[in-house]
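Working notes for the structure below.
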Amino acid sequence: MIKFFREIRQKLLTENKFSKYLFYAIGEIILVMVGILLALQVNNWNEEKKLLNLERNYLIGILDDLKTDTTSINQAVIPNFMNTHRVNHRYLDSLDKNNLLSNENLVSKVKPPSILSNSGISFHPTVGTYNAIISAGNIGLIQDKELSNAIQKLYEIWYKRNNEYGYRRDVLMDDIKLKYTINFKYDTKMEQVQNKQLLADLYLMYNRKGEYVGILRSIESEIQTIIQKIENQVLQD
């Protein structure tokens, strides 16, 4: 092709047809520019396609992680807490009914269930895909800004709140165990309730668990909303 154009230029110059040669040269320049623009456009299309594929892969990764999280919350963490709640509630209510909480004297020979000293299973979010997005600086690839904001809110606010509540719950349980270490067997199970302060601390622990379950239910609701949005977008693609 280059040889063909060269021959045309030489022929025009040889025949001393300068005006035609000028028009030809301009046409050749325009043709080259059009070719360059087309090449750039094709390159832009390819780059855009790569970014769209990367966005899709990120969303599918987030979707898989969130489905793992919701399974963990609904099938492991919350059932564990609800089981301890039922046992704790019956036990502590029975002490209330027998006026043991208002008795300033030592309460002896009242053995609570060992589950009362269990701090419960903590929820550990799956954050691999989100961390990869943030590390690469690619959060802007998620074009749906409402979805992007919801994802960031979940990971940066709700998941961090989960970690904070879980940590505070565990610290409270450890403090109770240290404070009343004589009341626990070596396997960390309670041996007996001895005084009113211990019962009050156990009530505090019980309420803290309830707060944590509330946080988990809110998180699960946020997860379901995001899952629905991602599935709608991925299925449309």
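Every number here is computed from the coordinates shown, using simple stated rules; none is lab data. Since the model is a prediction, treat every value here as computed from it, not as a measurement. Note that each Cβ is placed from the backbone with ideal geometry, even for glycine, and that neighbours are counted across all protein chains shown.
Residue pairs exceeding 25 angstrom between C-alpha atoms, taken from Lys50/Lys160; Lys49/Lys160; Lys49/Lys229; Lys50/Lys153; Lys67/Lys229; Lys160/Lys209: Lys50/Lys160; Lys49/Lys160; Lys50/Lys153.
Rounded to 0.05, the FRET efficiency of the Asn163 and Arg56 pair, given R0 = 45 Å and the Cβ-Cβ distance, is 0.95. As a proxy for reagent exposure, ranking Met205, Met173, Met33 by other Cβ atoms within 10 Å from fewest up yields Met33, Met173, Met205. Under 14 Å from the Cβ of Gln228, count the other residues' Cβ atoms, weight Lys and Arg +1, Asp and Glu -1, and hand me the total. Charge balance near Gln228 sits at -3. Rounded to 0.05, the FRET efficiency of the Asn46 and Glu156 pair, given R0 = 30 Å and the Cβ-Cβ distance, is 0.35.
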